[in-house]
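First comes the structure, then the notes that go with it.
The values are calculated or read from the model by the stated rules, or taken from the named source; none is laboratory data. The structure presented is a predicted model; accordingly, all values stated were derived computationally and were not measured. Positions of Cβ are generated from backbone atoms using ideal geometry, with glycine treated the same way; all protein chains shown enter the neighbour counts. What goes into the accessible areas is simple: the full protein's heavy atoms, side chains included, and nothing from ligands, DNA or RNA. Shrake-Rupley method; radii C 1.70, N 1.55, O 1.52, S 1.80 Å.
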Amino acid sequence: MAKGITKRSQDYSRWYQDIVLRAELADYAPVKGCMVIRPYGYAIWEKMQATLDARFKETGHVNAYFPLLIPEEFLRKEAEHVEGFSPECAVVTHAGGSKLEEPYVIRPTSETIIWSMYRKWIQSYRDLPLLINQWCNVMRWELRTRLFLRTTEFLWQEGHTAHATEKEAEAETRQMLEVYREFAEGTMAMPVIRGVKTEREKFAGALRTYTIEAMMQDRKALQAGTSHNLGQNFAKAFDVDFLDADGERKLVWASSWGVSTRLIGALIMAHSDDNGLVLPPRLAPIECVIVPIYRSDEEKSSVLEKANQVWKALSAKYSVKLDDRDQCKPGFKFSEWELKGVPVRIELGPRDVASGQVVLVRRDNGEKQSCALDSVVESVERALEEVQQGLYHRRWISGRATPAKLTVTMSSRNSSGTTAGSP
RNA sequence: CGGGGCGUAGCGCAGCCCGGUUAGCGCGCCUGCUUUGGGAGCAGGAGGUCGCCGGUUCGAAUCCGGCCGCCCCGACCA
């Protein structure tokens, strides 16, 4: 049915690539290991950002921006950190036409430059907690890359918090993991398992790394988000202390946490099928598409008139596309919007105009139903909700069905034990 | 870093083994007409430094040497 998409059963990895390229989510960039996130893919990221950012604000965080370039010596200040990140750092050695005295590292993560600033900003317990997030790009020189799942440069958010007590830092670390879990399950419709990374797999420089892992359709787990309790490691490395209420000078406690554009890869692998992308309504750039059907000019004008009414009614609440391209046949449009993962399609032809109905089709299961024109908004609302819930339950059930053999595809280090334990 | 594959029109490929008119095919694109409830048909048209450098030859997309790039699998990787 779908032209040019490899079947999952044939070659899962090719299928994944086909979806990304054909649905125009991303494309290969001229630079090895880098990708261009195309408008349709970026729109998904923007929706993810909007939802997460609102949650970060609700939990007391503020956004800021730190530089892309980090003095190389900063990385060296924390022993585990430098050991973990050095091999994958890109280093700038020349600028302004001459060799630099001190090379700069292109950030693989921002703990060091942020804590160099926190040292200036934190003096008293009254300055704590400090709860800052930043949305940015980072670069890690990976040997093997895959679109969205692991690219040399990627987009993410990184939260960096400073606290007066160990207990508070631990509570923050767990709270943010919970924010990620809610997002994955509620917004992405993707069930996750919470866990603690092993000593080998934890963040380089952390006391402890909590993770959410999602089950993909190839029965492999994917690391979807991590939250680190950094203890006092960075406070020690950057000499960040504060004067507490009891008059004592104490080291600051820290957390950091992040999710990246890898989530788009997770989203694809969680829900999509052999006909293309399948998107949960809460992240779909286009929630509903209207495909008009007509033969004669006469039919065209009456159908388009109704289609425009429907579009107008739905637009007040949803992101709706009226596909009135004259040069494409309806069948072509059906396939194309399925490929692009639009959750709900409305078909509207002469027969529907005559009977005061539209045909409503769900992307997740292909179910068609007729519904009355004058209650189309309610019908779409219900259908979108059903798709959102339906996707979650389908993933939940299939995740349940295959828990025995968990292997880990794209998370770090070894390939077992990643999901052990529970926070 | 190992193994494999690829590089010829925007995309996908054939041609190469066995050198020889003007380098083909499908899709897409442009124009026109007919079409339109599951990826339309016909006619006409535009589009090429055959990855790069060198060599062999009267003649190289094709043979030889070197280089570059990308993709896939594995190893590695918060």
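What to note about this one:
- Per residue convex hull volume, Cα atoms of chain A, in Å³: 162
- With the biggest extent put first, the Cα atoms of segment A:189-235 measure 41, 21, 11 Å across the principal axes.
- Sequence-distant residues sharing a close amide H with A:Asn133 (under 5 Å, placed H): A:Val62, A:Asn63, A:Ala64, A:His160
- In the context of the full set of protein chains, residues of segment A:281-399 present 49 Å² of accessible surface per residue (probe radius 1.4 Å, heavy atoms only).
- Within-15-Å neighbourhood charge of A:Arg126 [Cβ basis; K, R +1; D, E -1]: -4
- Positive minus negative residues near A:Val289 (Lys, Arg vs Asp, Glu; Cβ under 13 Å): +1
- Relative contact order computed over chain A (Cα-Cα under 8 Å; 6+ residues apart), in percent: 16
- Computed log₁₀ I(q)/I(0) - Debye formula, equal Cα scatterers, no solvent, segment A:281-399, q 0.10 Å⁻¹: -0.28
- Cα gyration tensor of segment A:36-113 - equivalent ellipsoid semi-axes, whole Å, descending: 30, 18, 12
- Tilt relative to chain A, helix A:166-182 - C-alpha long axis, 0 to 90 degrees, to 10: 10
- Amide H contacts under 5 Å for A:Ala26, placed H, 5+ residues apart: A:Arg38
- Aspartates and glutamates with Cα under 16 Å of A:Lys99, excluding same-chain neighbours fewer than 8 positions away: A:Glu72
- Chain A - percent of accessible surface contributed by carbon and sulfur, probe 1.4 Å: 51
- The phi torsions of segment A:213-226, fed into the Karplus equation with coefficients 6.51, -1.76 and 1.60 and a -60° offset, translate into couplings of 10, 10, 8, 8, 6, 8, 6, 10, 8, 10, 5, 10, x, 9 Hz, rounded to whole numbers, with Gly and Pro shown as x.
- Counted over all Cα-Cα pairs of segment A:168-306, pairs farther apart than 25 Å make up 49 percent.
- Degrees between helix A:12-22 axis and first principal axis of chain A (Cα, 0 to 90, nearest 10): 70
- Cut-off under 5 Å, modelled amide H: who pairs with A:Val259 long-range: A:Gln157
- Where Rh is the Kirkwood radius over Cα pairs, Rg/Rh for segment A:1-72: 1.14
- Crossing angle, helix A:330-339 versus chain A [Cα axis fit, 0-90 degrees, rounded to tens]: 20
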